[in-house]
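Structure first, then comments.
The values are calculated or read from the model by the stated rules, or taken from the named source; none is laboratory data. Since we're looking at a predicted model, the values are computed, not measured. For neighbour counting, all protein chains shown are included, and Cβ atoms are generated from backbone atoms with ideal geometry for every residue, glycine included. For the accessible areas, the whole protein counts, side chains as well, though only heavy atoms, and no ligand, DNA or RNA atoms are used. Shrake-Rupley method; radii C 1.70, N 1.55, O 1.52, S 1.80 Å.
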Amino acid sequence: MPINVKSEIGTLKKVLLHRPGEELEHLIPNSLERLLFDDIPFLRKAQAEHDEFASILRDNGCEVCYLEDLTAQVLKESPELKDDFIEDVINNSGDAAIHYKKEVREFLEAISDEKELVLKTMAGVGFNEIDVSGRSPLTKYLSHEHRFVMEPIPNLYFTRDPFATIGNGVSLNKMYSVTRCRETIYGKYILKYHRDFKDSTKFYYDRDMSFHIEGGDILNLSSSVIACGISQRTQPEAIEQLARNIFSDEQSTIDTVLAFVIPPTRAFMHLDTVFTQVDYDKFTVHPGIMGTLRTFEIKKGDRKDELKVRELNASLEETLAYYLGTAKVELIRCGGDNYIAAEREQWNDGSNTLCISPGKVIVYDRNYVTNDLLEQKGIKVLKMTSSELSRGRGGPRCMSMPILREDI
């Protein structure tokens, strides 16, 4: 079934998730900063919360697919890809994995079950699991369980970032952090080789390109307009290349890219942590960005690969209303007018809602001030438990990659 995502609010029919796994149990205090976590989630509770998330989606008519299952299907149906997959994983796992490539490869090749192999590449490989005695006697003595030759990738349950669906195509992203580079490999094998996508998916960006871009910075406003955040994790040069590739596709209906410059801080991180669409004419927004945004319109130029760029001087409400073709847009402030509530709930992704149909959103239950405001504005709010998943600094939108939405 081809990819079709031309809005943020069209009824969600198919979505890609990753259920948190052993990679979370491989977090330790000394690795938290390097692996982009602020705390260690309790895995069993995180899985229960994630299962609740998936159940809400299914109960609302959405087919739920899992990253690990689709990757395993590719390897099972095309066993000749297993060697290439392992090679890609090792080459994107840092210096230690590359140095001990022979040993890591032998370890992974010995895993016969495709899903077990995929999950192991996500969870990480410890030095204690491979034999390095013949090459590095010192490492042999230091091969304790807390040392990884291939580190875990605990951010993987935020499936929004490694690739982004745009219209009938995708941006297979180059991640900002080395820690997350391996995540895009699963998207590569699914999108290029899975029977559901391999013959119909267009690539507007590729993980081997030069500049960083992540899916949380890409929003589909309509069939003709996308928004991109210039953020801590997405560079303006990447947005330019993305725009050129989209505009060069004669079948693409997108004619405008809006680039929003947001402060390059971990608290804001991506565009979708500061505003998301919840209805035809309503958005959640973190009040902390109001008055700080710079917005640029990018259009196709007169010559091949030329871009026309101009800075917009309108307010965020005016800009969104104009490009959505509606009379006005209402911005619902995360935390309302309470500064402390706004800061606290934005940190816990109060603005990172997942719209599953116009006026119906999935949210974290902990952001009760923002959730009450949404309900007062007529939004149907589906609350999910969030004590552990939120420790990874991402909300329902971050944890989901839409594959199919109904057109609006």
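In this structure, the amide hydrogen of Leu312, modeled 1.01 Å from its nitrogen in the peptide plane, lies closer than 5 angstrom to those of Thr295, Phe296, Glu297, counting only residues at least 5 positions away or on a different chain.
Contact order for the chain, expressed relative to its length and based on alpha carbon pairs under 8 Å spaced 6+ residues apart, stands at 22 percent. Look at where the Cα atoms of segment 190-245 and of segment 361-393 average out, and the two centres are 28 Å apart.
Cross-link reach is defined here as a Cα-Cα straight distance under 18 Å, omitting same-chain residues fewer than 8 places apart; for Lys304 the aspartates and glutamates meeting it are Glu237, Glu240, Asp249, Glu250, Asp255. For the chain, a Gaussian network of Cα nodes joined below 10 Å ranks Ser112, Ser222, Ser210 by mean-square fluctuation, and the top entry is Ser112. By the rule of a C-alpha distance below 30 Å, with chain neighbours fewer than 8 residues away ignored, the lysines paired with Lys383 are Lys6, Lys13, Lys14, Lys45, Lys282, Lys328, Lys360. Beta bridges assigned by DSSP with both partners in segment 175-333 are antiparallel in approximately 65 percent of cases. Coupling constants for segment 230-246 follow from the phi torsions by the Karplus curve (6.51 cos²θ - 1.76 cosθ + 1.60, θ = phi - 60°), and in residue order they are 8, 9, 4, 10, 10, 8, x, 5, 5, 5, 4, 5, 4, 4, 4, 5, 5 Hz; glycine and proline get x.
State the extension gain, in nm to one decimal, for the chain segment bounded by Asp372 and Ile98, taking 0.36 nm per residue of separation less the distance between their alpha-carbons. So the extension gain works out to 93.6 nm. Protection proxy ranking, highest mean first, for peptides 195-202, 15-22, 301-308, 164-171: 164-171, 15-22, 195-202, 301-308, where packing is the per-residue count of other beta-carbon atoms within 10 Å, averaged. Compared with the dominant Cα axis of the chain, that is its longest principal axis, helix 82-91 is turned about 80°.
Multiplying the residue separation of Asp206 and Lys192 by 0.36 nm and removing their Cα-Cα distance gives an extension gain of 3.9 nm.
Helix 67-77 and the long axis of the chain differ in direction by around 60°, with both axes built from C-alpha atoms. In this structure Tyr368 has an accessible area near 130 Å², from a 1.4 Å probe over the protein heavy atoms. If you roll a 1.4 angstrom probe over the protein chains with everything in place, what fraction of the accessible area of the chain belongs to carbon and sulfur, to the nearest %? After summing per-atom areas, the C and S share lands at 47 percent.
The accessible-area ordering, largest first, of the residues His286, His99 stands as His99, His286, per a 1.4 angstrom probe. Within the listed set Asn367, Asn220, Asn30, the residue fluctuating most in the Gaussian network model of the chain (springs between alpha-carbon atoms under 10 angstrom) is Asn30. A cut-off of 5 Å between modelled amide H atoms, ignoring neighbours fewer than 5 places along the same chain, links Val274 with no other residue. Taking the longest Cα principal axis of the chain as reference, the axis of helix 114-123 is set at about 80 degrees. Springs between Cα atoms under 10 Å define the GNM used for the chain, and in it the highest mean-square fluctuation of Cys398, Cys62, Cys355 occurs at Cys62.
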